[in-house]
Amino acid sequence: MANPMEQFKIETIVPLNAGGFDLSFTNSSLWMLITLLAVSAFLFIGTARPQLVPGRMQAAVELLYDFIRDMLRENVGKDGLRYAPLIFAVFIFVLSCNLIGMVPFVHSFTPTSHIAVTFGLAMIVFILVVIVGFARHGLHFFSLFLPEGTPLFVAPLVAAIEFLSFLSRPFTLAIRLFANMTAGHVLMKVFGGFVVSLGAVNIGLGIIPLGVNVALTALELLIAVVQAYVFALLASIYLNDAVNLH
Amino acid sequence: MPQFDPASFVSQLFWFGVIFTLLYFAVVRPTLPKVGKVIDAREAQVGSDLDRAEAAKGAADTLRADHETAMKAARDAAQAAVAQARETAAKASDTQLKALGARLDADAEAAAASLELALGSARAGLETTVAELTSEAVAKLVGIEITPADVSAAIAAR
């Protein structure tokens, strides 16, 4: 049975070295590039001729964009709409990476199953929150760490906890996405291995893990979408802290 | 797990940075705001259309109310006119009937009077005729000459 971790292996395609850093173009880079091309095609075709009564592609783009704008309007308010393009970019990147990683037969790779990439995404959100927070509120942004009505004698403890939880956000954001993607792909690979090993014993036995894998594929597609949604939702909730300070 | 191999971190982060920067600045920023503008324009259009429809509905409602009051007034006027006409007609026929009745009564009275007159003259004629006949019959049968005046006096005396 193939090692279920093998699918996550980074393979160098074009070796590249700059200033002692290994910047090689790898399979991860390739699939991120494919994602970029797919998203570009989607967005450029969808917005080629924006019309009041949208065509199919424009309606599809609008559906996703409206989804993000509604999420921001609900969680942040009117001021949050300024950040809709950035949150949309994060959302569509995660969604496309997750979904394209599910394409079978083409040796596809899921960049979002790697913590380096998800951490990069999480840092974008984190840095955005910090910049927006300080830009809008200056040093008053620190009051985020002291919820209103905290009794004075527990204030240091509360502030410490709040500060820690604030700092841990990029990590939880990164690990949640990476772990979900990794676990799902490992599970599919494991059951795929079962199909072969049990099928070799008896063809009828192989059907059972195959059926499980069919169900898992549907589940993974759901998780691919849900995790992109969760990532964007948490990003907008964190953004709300920066814009409105609780 | 290849995910925790730090050797690939720099390359992954570098390419992620490059591709996400491209995605945001070269793809999302030039395209998405166009759709956002269209969505806002559509919302504004739909809002103004709804407002216009609301105003038109209000105008239609007032028109219908006006029409209804006008219809009601016209109906009332027509009913009043009909009632009036009926009343005048009834009054006119009443007077006519009364006049006709009076004329008929007068005619009947006149007829009765002339009948009485005719009856009186007929009776008088009858009496003279009877007296003459009687006097002639007496003259022929008995041979006594008596005048009709005597006969009349004799009849009146009985």
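A search for C-beta distances below 9 Å between a residue of the stretch A:54-79 that is within 11 Å of chain B (Cβ to nearest Cβ) and any residue that is crowded, with 18+ Cβ neighbours inside 10 Å and polar (S, T, N, Q), counting only pairs 6+ apart in sequence or on different chains, returns A:M57/A:T47; A:Q58/A:T47; A:V61/A:T47; A:V61/B:T31; A:I68/A:S236. The residues in the stretch B:112-158 that are of a type outside the set (A, V, I, L, M) and outside any helix (DSSP H, G or I) can be counted, and the count is 4. Scanning the stretch A:104-122 for residues that are of a type in the set (A, V, I, L, M, F, W, C) and either at the interface with chain B (Cβ under 9 Å from one of its Cβ atoms) or not in a helix (DSSP H, G or I) (or both), we see that the one that is surrounded by the fewest Cβ atoms within 10 Å (Cβ to Cβ) is A:F105. Taken together, the residues in the stretch A:1-53 that are outside any strand (DSSP E or B), closer than 22 Å to B:T21 by Cβ and at the interface with chain B (Cβ under 7 Å from one of its Cβ atoms) amount to 13.
Table: residues versus (1) touching a His at 6+ places or on another chain (Cβ under 7 Å); (2) at pLDDT 95 or above; (3) in a helix (DSSP H, G or I); (4) of a type in the set (A, V, I, L, M, F, W, C).
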| position | (1), (2), (3), (4) |
| --- | --- |
| A:H140 | no, no, yes, no |
| A:T150 | no, no, no, no |
| A:V154 | no, no, yes, yes |
| A:A159 | no, no, yes, yes |
| A:E162 | no, no, yes, no |
| A:P170 | no, yes, yes, no |
| A:L173 | no, yes, yes, yes |
| A:R176 | no, yes, yes, no |
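Out of B:A55, B:A118, B:A131, B:A137, report the one residue that is at pLDDT 95 or above and surrounded by 10 or more Cβ atoms within 10 Å (Cβ to Cβ). None of the others qualify; the one that does is B:A55. Inside the stretch A:1-58, residues that are at positive phi and surrounded by 14 or more Cβ atoms within 10 Å (Cβ to Cβ) make up a count of 0.
When B:R29 is tested against the conditions (1) surrounded by 10 or more Cβ atoms within 10 Å (Cβ to Cβ); (2) more than 7 Å from chain A (Cβ to nearest Cβ), the lone failure is (2).
Note on the stretch B:1-26: among residues that are hydroxyl-bearing (S, T, Y) and facing chain A (nearest Cβ under 7 Å), the one that is surrounded by the fewest Cβ atoms within 10 Å (Cβ to Cβ) is B:Y24. Within the stretch A:197-229, the residues that satisfy the criterion of being surrounded by fewer than 17 Cβ atoms within 10 Å (Cβ to Cβ), under 15 Å from A:L99 (Cα atoms) and of a type outside the set (S, T, Y) are A:A218, A:L219, A:L221, A:L222, A:V225, A:V226.
The values are calculated or read from the model by the stated rules, or taken from the named source; none is laboratory data. Please read these numbers as outputs of a predicted model, since none were measured by experiment. Cβ sites come from the backbone with ideal geometry, for glycine too, and all protein chains shown count toward neighbours.
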